[in-house]
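The values are calculated or read from the model by the stated rules, or taken from the named source; none is laboratory data. As the structure is a prediction and not an experimental result, all values here were calculated from the model. Neighbour counts run over all protein chains shown; Cβ positions are idealised from the backbone, glycine included. Heavy atoms of the whole protein, side chains included, go into the accessibility calculation; ligands, DNA and RNA do not. Shrake-Rupley method; radii C 1.70, N 1.55, O 1.52, S 1.80 Å.
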Amino acid sequence: MKPFAYLRAGSVEEAVRAAAGQPGARFLAGGTNLVDLMKQGAETPRTLIDIGRLPLDRIEELPGGGLRVGALVRNADLAAAPAVRDRYPVLSQALLAGASGQLRNAATTGGNLLQRTRCTYFQDTSKPCNKRDPGTGCPAIEGHHRELAVLGHSDHCVATQPSDFAVALAALDATVHLRGPEGERTVPAADFHRLPGDTPERDTELRLGELLTAVDLPPPVPGTRSRYRKARDRASYAFALASVAAVLGVRDGTVEHAALAFGGLAHRPWRARAAEDVLRGAPATKDTFARAADAELAAARPLRDNGFKVPLARALAVGVLADLAARG
Ligand SMILES: Cc1cc2nc3c(=O)[nH]c(=O)nc-3n(C[C@H](O)[C@H](O)[C@H](O)COP(=O)(O)OP(=O)(O)OC[C@H]3O[C@@H](n4cnc5c(N)ncnc54)[C@H](O)[C@@H]3O)c2cc1C
Ligand code: SF4
């Protein structure tokens, strides 16, 4: 590990001030991703700004039935919160599908959304990687890429976004709150993560020195149910090969509301707008669900060894939608 300066921030303002104009600064939350990457040499911050004691650890009710989740709410606490389990089952299920009980006790809302890709080359500093060292190349394109992207990738990076939580937030139309040297702003969760294009070193829309302070969940759409399903190589401690977060409302056999997002397929949670267009107003049947999944996945461009992800994602989407429809 390289030497670094350590600062414990006493307030949000102090944290933002310390990070302003400092490309070498990183916020430290639960540390479950950042510290590992520092030990591997994949992250070499000059300054660590510990935000662990900031008052951002509350879940608050919003007028109208939504929730505000502070950036330091632990993944385990959020998954277990009665308001989340009752109103946003997809969110609770996505969190519980990620990592392990011990990790979820330490991992935070902000850190989960900002965790880095699990592409093996990114973590291996003996290899080139455009995301870690811009301009050095992407060995994954011709190398090991079984777990990597089939949608939205570029010639510069084919990594996937690893967070299960982020996929559920995209389907729920959540909003991310950011505080930076220029003040506060919000970004829709579905637009927070980026496609790699020719700047894969930027995972998200977060600007230099900005702190993620909270995530807002809008009130659940009346008459809808939600679910998260994830396919992985083993039952625990494994990132998604493919996953789906779905919110579905059906009345008299017709789809009234549909929101769908895929995980494990792209550099960002993949909000499935083409699928949603097929679903809305259509009969809630397996045939409709299959047509919807096909409409979205038509854009897939699998790499040599990850073509299996397309039928896997299709099966997950059809299965989850059918389950939700069968429950009324
Ligand atoms: C063995 C293992 C298995 C895992 N499996 C899964 C899985 O299946 N699914 C899944 O989703 N995750 C999984 N994870 C990842 C885990 O969820 C993340 O490590 C965790 O959520 C990161 O949260 P943290 O608070 O520890 O972040 P940190 O490690 O503290 O930070 C992560 C990044 O976010 C930045 N950051 C943190 N908070 C803020 C903030 N408020 N504002 C701005 N920047 C911030 C940090 O600077 C850093 O770059 C796994 C991790 C491990 C080690
Ligand atoms: S896929 Fe992205 S993260 Fe992986 S080696 Fe290529 S540039 Fe690096």
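Details
- Computed over the chain: relative contact order in percent, which uses C-alpha pairs under 8 Å that are six or more apart: 17 percent
- 19 Å Cα-Cα threshold exceeded, pairs from LYS131/LYS230; LYS230/LYS309; LYS2/LYS39: LYS131/LYS230
- Per-residue extension of 0.36 nm, minus the Cα-Cα distance of GLU142 and GLU60, leaves a gain of 24.8 nm for this segment.
- Rg/Rh, computed from the Cα trace of the range 249-324 with Rh as the Kirkwood radius, has the value 0.98.
- Within the shell of other residues whose beta carbon sits under 11 angstrom from the beta carbon of ARG118, the net charge comes to -1, with Lys and Arg scored +1 and Asp and Glu -1.
- In nm, spacing of pseudo-spin labels at ARG234 and ALA326 (7 Å Cα→C-beta vector): 3.0 nm
- The chain, dipole about Cα centre (Lys/Arg Cβ +1, Asp/Glu Cβ -1), debye to the nearest 20: 600 debye
- Look at the alpha carbon pairs under 8 Å that are at least 6 residues apart: their mean separation over the length of the range 108-168 gives a relative contact order of 37 percent.
- Nearest-10 value in Å² for the accessible area of LEU28, using the 1.4 Å probe: 20 Å²
- Expressed as a whole percent, the accessible surface of the range 1-92 that belongs to carbon and sulfur atoms is 49, based on a 1.4 Å probe.
- Residue with peak Gaussian network fluctuation, the chain [Cα springs, cutoff 10 Å], from ASP294, ASP216, ASP252: ASP252
- Residue order for LYS127, LYS309 - accessible surface, 1.4 angstrom probe, largest first: LYS127, LYS309
- Taking max minus min of the alpha-carbon positions on each principal axis, the chain gives extents of 61, 50, 35 Å, largest first.
- Taking label points 7 Å from Cα along the Cα-to-Cβ direction, ALA298 and ARG207 give a separation of 3.8 nm.
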